[in-house]
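The values are calculated or read from the model by the stated rules, or taken from the named source; none is laboratory data. The shown structure was predicted, so the numbers you read here are calculated from the model rather than taken from an experiment. Every residue, glycine among them, receives a Cβ derived from its backbone with ideal geometry; neighbour counts consider all protein chains shown.
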Amino acid sequence: MIDGIPVMQSPPEPVRDFYESKSALSLYMRQAVEVPLLTVAEENTLAARIKKGDSVAREHMIRANLRLVVKIAKDYDGLGMPLLDLINEGNIGLMKGVERFDPSKGGKLSTYSSWWIKQSIKRALANQSKTIRLPVHLVDKISKMRRAAMELQELFGREATDEEIADEMDAPLRKVRLWRRASLRTSSLDESLGDEDSSKLGDVVADESCQTPYESLESRTTHSLLQSTLHILDAREMTILRERFALDGGKEKTLDEIGQKFGVTRERIRQVQNIALAKLRKKIESFEAVQDPGEVADGVS
């Protein structure tokens, strides 16, 4: 006991023998919840003893916050490291947070340690010895996208669409789609990201300010293909797509912005957008078998 606070003396049982098993995470979670969450007063008591070099108090404070590490680590799952590895890296950050925590400066340990946990996980993802090393800034964007998606799902009671996530993050729809595809676990920069187009992970990791000659040609080809098929839409559908996806250049507009222009709800704009996209998709099916961008451009010019 430390001033009335129960302390577990023995460390958690190792889980590495079960590493490839789903039971490993369950085992870890059972051990993580064995120590009750701390009150502010208990945090202050333990922090004072940690300052004096009390290793037992340090261990107890760490154990009482293992659930926080798991919660944060789940936001980064699927980015190239197993969840248990992410948790282990997060635990390193938690240890640093516990050692540096000073309750006299205000705030709770969970708030203070969250920064250290996230930094440790993001650095591990960026420096992992894998074929793919996602830049720290990209890892951060993907995490924020997932957090926004979870919050919207709780709000709507259903999975949020990419458009809704883009609006929530105040980010271009194209970026959200790229971040979502980048979050897929891949083993090569040349491997497809698995969406309806042929994007590669290298497209996302590479410097976004630089466009290769092939990308430039592909961009012009896609624009030409779209322009050649827009005539099948009515005036409202055409305007909505042009503004939603910035087909005439400029900035992509949100559903709300377009809805205000037409005096209707964002949901109505979404419906019209999806109807228009379905028409275009059917129209351009005949072009899908063409692989060479130059041939496509010639065929629709």
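At a glance:
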read-out	value
Condition met for Leu38 (of a type outside the set (Phe, Trp, Tyr), surrounded by 19 or more Cβ atoms within 10 Å (Cβ to Cβ) and at pLDDT below 85)	no
Test for Leu46: is it farther than 27 Å from Met145 by Cα, surrounded by 19 or more Cβ atoms within 10 Å (Cβ to Cβ) and either aromatic (Phe, Trp, Tyr) or touching a residue at least 12 places away in the same chain (Cβ under 8 Å) (or both)	yes
Among residues of the range 276-286, those that are over 15 Å from Thr161 (Cβ atoms) and surrounded by 12 or more Cβ atoms within 10 Å (Cβ to Cβ), counted	6
Residue within the range 164-180 that is at pLDDT below 85 and closer than 25 Å to Val69 by Cα present	yes
The range 106-122: number of residues that are without any contact (Cβ under 8 Å) to a residue 24 or more places away in the chain and part of a helix (DSSP H, G or I)	4
Some residue of the range 129-146 being under 23 Å from Gln271 (Cβ atoms) and either out of contact with any Cys (no Cβ under 6 Å at 6 or more places or on another chain) or modelled with pLDDT of 70 or more (or both)	no
Tally of residues being surrounded by fewer than 17 Cβ atoms within 10 Å (Cβ to Cβ) and outside any loop (DSSP other than H, G, I, E, B) across the range 240-265	5
Residues within the range 140-172 that are polar (S, T, N, Q) and surrounded by fewer than 19 Cβ atoms within 10 Å (Cβ to Cβ), tallied	2
Subset tally (residues that are assigned to a helix (DSSP H, G or I) and without any contact (Cβ under 8 Å) to a residue 40 or more places away in the chain) for the range 49-72	6
Matching option when the condition is of a type outside the set (Val, Ile, Thr), at pLDDT 90 or above, more than 20 Å from the chain's Cα centre (by Cα) and more than 27 Å from Ala148 (Cα to Cα), among Met8, Met1, Met61	Met61
